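What follows is one structure encoded as structure tokens, with my remarks underneath.
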Amino acid sequence: MIEKKTVCQIVDEWLDGKEYFLVEVTISPDDKIVVEIDHKEGVWIEDCVELSRYIESKLNREEDDYELEVGSAGIGQPFKVLQQYRNHVGKEVEVLKKDGRKLCGVLKDADEQHFTVTIEKKVKPEGAKRPQLVQEDETFAYDEIKYTKYLISFK
């Protein structure tokens with residue numbers, strides 16, 4: 001069985017000096033290795049091929065029979081690492097909280113513990129006849145959400 005730690009080290013070697021970052025490595029019990037990388041401006045197929053060849057050059061097919069898949073994290077997929085949050089600051093995101101509430105807004109900031117989204121809400125000011133749209137920042141801890149993902153807009 002191929003160790004996840006081994007694959008991560010190989011990927012980290014390839015990533016050194018590049019603007020790509022590792023999103024996730026998964027290895028199934030039948031040795032299917034899936035490596036997801038990302039880049040602020042998207043992932044090029046040529047780079048996936050290069051990384052795949054690099055990983056294959058470091059693993060021994062004589063010792064381990066494995067299947068290897070290298071790709072991008074996917075545009076509509078939930079964020080898995082902090083760098084994805086940081087790359088999407090200023091962009092619209094969808095947040096699903098563990099309590100089932102879904103919110104959409106603009107990702108304002110992200111650090112190791114929390115991230116902040118600016119959300120538009122309708123609020124009826126005291127004495128007003130109609131509600132008004134106001135922007136309000138909401139901060140979330142990563143453990144209180146099910147997912148955050150980039151909101152694809154066709155406006």
Pair list, Cβ under 9 Å, 6 or more apart: segment 106-121 residue assigned by the TED database to the domain that holds Val81 and part of a strand (DSSP E or B), other residue loosely packed, with under 15 Cβ neighbours inside 10 Å and among the aromatic types (Phe, Trp, Tyr): His114/Tyr142; Phe115/Tyr142
Matching residues, segment 48-66, being surrounded by 11 or more Cβ atoms within 10 Å (Cβ to Cβ) and of a type outside the set (Phe, Trp, Tyr): Cys48, Val49, Glu50, Leu51, Ser52, Arg53, Ile55, Glu56, Lys58, Leu59, Asp64
Does Lys40 satisfy being of a type in the set (D, E, K, R), closer than 20 Å to His88 by Cβ and surrounded by 11 or more Cβ atoms within 10 Å (Cβ to Cβ)? yes
Charged (D, E, K, R), surrounded by 14 or more Cβ atoms within 10 Å (Cβ to Cβ), in contact with a helix residue (DSSP H, G or I) (Cβ under 8 Å, 6 or more places away or on another chain) and in a strand (DSSP E or B) - does that describe any residue in segment 14-36? no
Quick one: count up the residues across segment 82-103 that are at pLDDT below 95 and of a type in the set (Val, Ile, Thr). 0
Tally the residues that are touching a Phe, Trp or Tyr at 6+ places or on another chain (Cβ under 9 Å) and of a type in the set (Lys, Arg), restricting the search to segment 59-79. 0
Restricting segment 122-137 to residues that are open to solvent by 80 Å² or more (accessible area, probe 1.4 Å) and assigned to a strand (DSSP E or B), the residue that is nearest to Leu82 (Cα to Cα): Gln135
For Phe140, all conditions in the list (1) surrounded by fewer than 12 Cβ atoms within 10 Å (Cβ to Cβ); (2) under 18 Å from the mean Cα position of the chain (by Cα); (3) more than 29 Å from Glu3 (Cα to Cα) hold save one; what is the number of the exception? (1)
Looking only at segment 81-90, decide whether some residue is polar (S, T, N, Q), touching a residue at least 40 places away in the same chain (Cβ under 8 Å) and part of a loop (DSSP other than H, G, I, E, B). no
Given the residues Gly42, Gly71, which is the only one that is part of a strand (DSSP E or B), within 15 Å of the chain's Cα centre (by Cα) and modelled with pLDDT under 95? Gly71
Confirm whether Glu3 is farther than 22 Å from His88 by Cα, open to solvent by 70 Å² or more (accessible area, probe 1.4 Å) and modelled with pLDDT of 95 or more. no
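The values are calculated or read from the model by the stated rules, or taken from the named source; none is laboratory data. Remember, predicted model here, so these are calculated numbers, not experimental data. Every residue, glycine as well, gets a Cβ built from its backbone with ideal geometry; the counts of neighbours run over all protein chains shown. Accessible surface areas use protein heavy atoms only, side chains included; no ligands, DNA or RNA. Shrake-Rupley method; radii C 1.70, N 1.55, O 1.52, S 1.80 Å.
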